[in-house]
Amino acid sequence: MRNVRISAMLATAIGLMVLQGAKAEDRGREIFDGLCNRCHGAQGQGMQGLEAPILAGMPAWYVEVQLKKFREGIRGTHPKDMPGMRMRPMANTLRESDVPIVSAHVLNMPIQQAVPSIKDANLENGKAGFAMCVGCHGTDAKGNQQIGAPLLAGLNDWYVLTQLKNFKAGVRGGDPTRDAQGASMRTMAATLSDEAMKDIAAYLQSLSRK
């Protein structure tokens with residue numbers, strides 16, 4: 001009889017977990033459809049005209065970290081970062097409990113393939129230039145959560161190029177006390193020419209995200 005009771009309790013607990021997971025996914029979809037898709041697209045494919053990058057399939061941990069940075073003013077406050085300044089009020093409309101929920105929804109969206117926008121890049125040079133990045137982002141550019149290095153493979157080339165330029169100019173990563181990863185990226189970006197940034201951005205987009 002005791003085993004029957006334990007089995008029933010386990011079944012109830014599992015059922016509740018499944019129900020909670022379903023509700024969380026519904027809430028994540030609701031948030032994305034009501035707030036995020038106007039810039040990032042219904043499929044999370046991104047929109048270059050709005051300077052909104054691909055989100056679909058991005059690691060939940062990284063999306064969560066960036067949303068918190070926008071909410072806390074670590075990103076989206078520099079006057080030369082107009083897309084970031086648009087993102088910050090969007091992030092601030094979320095309840096704190098919604099941040100991990102919408103981040104998980106983004107992760108579970110079908111991966112979208114970015115359309116190349118840089119036409120005159122040298123992919124071989126980009127691959128060679130990326131060698132300085134593999135220590136953090138990995139040889140396949142899939143990132144490393146332990147050190148806060150995000151997935152880069154398959155991201156929009158225009159977005160990667162913009163962010164590299166932002167890091168180099170101090171538009172992003174300018175506060176090492178609040179954004180250690182950004183400050184580290186700023187140091188790396190400072191060593192790159194515009195041409196090298198362009199080649200690396202194009203190379204990263206050519207990589208598979210799967």
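Read-outs throughout are calculated quantities, based only on the coordinates presented, and are distinct from any laboratory measurement. The model shown is predicted, which means the values in this text are computed figures rather than measured ones. When we count neighbours, we look across all protein chains shown, and the Cβ atoms used for this are built from the backbone with ideal geometry, even at glycine.
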request  = For a footprinting-style exposure proxy, rank L192, L123 by other Cβ within 10 Å, fewest first.
outcome  = L123, L192
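Can you compute the FRET efficiency between N125 and R178 using 1/(1 + (r/R0)^6), with r the Cβ-Cβ distance and R0 = 45 Å? Round to the nearest 0.05.
Computed FRET efficiency for N125 and R178: 0.85.
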request  = Using the Kyte-Doolittle scale, find the helices of the chain whose mean hydropathy is at least -1.0 and whose Cα atoms extend 27 Å or more along the helix's long axis, counting only whole DSSP H runs.
outcome  = 2-31
task = Name the residues whose placed amide hydrogens come within less than 5 Å of the amide hydrogen of A52, ignoring near sequence neighbours (fewer than 5 apart) on the same chain.
result = M47
task = Measure up K69/K168; K127/K198; K80/K165; K127/K168; K127/K165; K69/K198 against 22 Å on the Cα-Cα distance and list the ones that go over.
result = K69/K198
task = Sort W158, W61 so that the residue with the fewest other Cβ atoms within 10 Å of its own Cβ comes first and the one with the most comes last.
result = W61, W158
query = Hey, with R₀ at 30 Å, roughly what FRET efficiency would R27 and N92 work out to, going by the Cβ-Cβ distance, to 0.05?
reply = 0.95
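Exactly which GluC sites (Glu not before Pro) in region 70-169 are in a DSSP loop and have at most 16 other Cβ atoms within 10 Å?
Details: sites: E72, E96, E124; in loops: E72, E96.
Filter output for region 70-169: E72, E96.
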note = With N residues in the chain, Rg(alpha-carbon) / (2.2 N^0.38 Å) equals 1.15
note = What the Cα atoms of region 114-210 span along the principal axes, largest first and in whole Å, is 37, 27, 21
inquiry  = Which one, Q113, Q45, Q181, has the greatest fluctuation when you compute a Gaussian network model over the chain with C-alpha springs under 10 angstrom?
reply    = Q181
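Nearest 500 deg cm²/dmol is fine: what mean residue ellipticity at 222 nm does the chain get from its DSSP H runs of n ≥ 4 alone, each adding -39,500 (n - 2.57), divided by its residue count?
-17000 deg cm²/dmol
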query = Stretch H78-T139 to full length: gain in nm at 0.36 nm per residue minus the Cα-Cα span?
reply = 18.8 nm
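Can you tell me how much longer the chain between M132 and M85 gets when fully stretched, taken as 0.36 nm per residue apart minus their C-alpha distance, in nm with one decimal?
13.9 nm
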inquiry  = Suppose R0 equals 25 Å. What FRET efficiency, 1/(1 + (r/R0)^6) with r the Cβ-Cβ distance, do V115 and K210 give to the nearest 0.05?
reply    = 0.90
request  = Please find, in a Gaussian network model of the chain (springs between Cα atoms separated by less than 10 Å), the residue of G135, G28, G182 whose mean-square fluctuation is greatest.
outcome  = G135
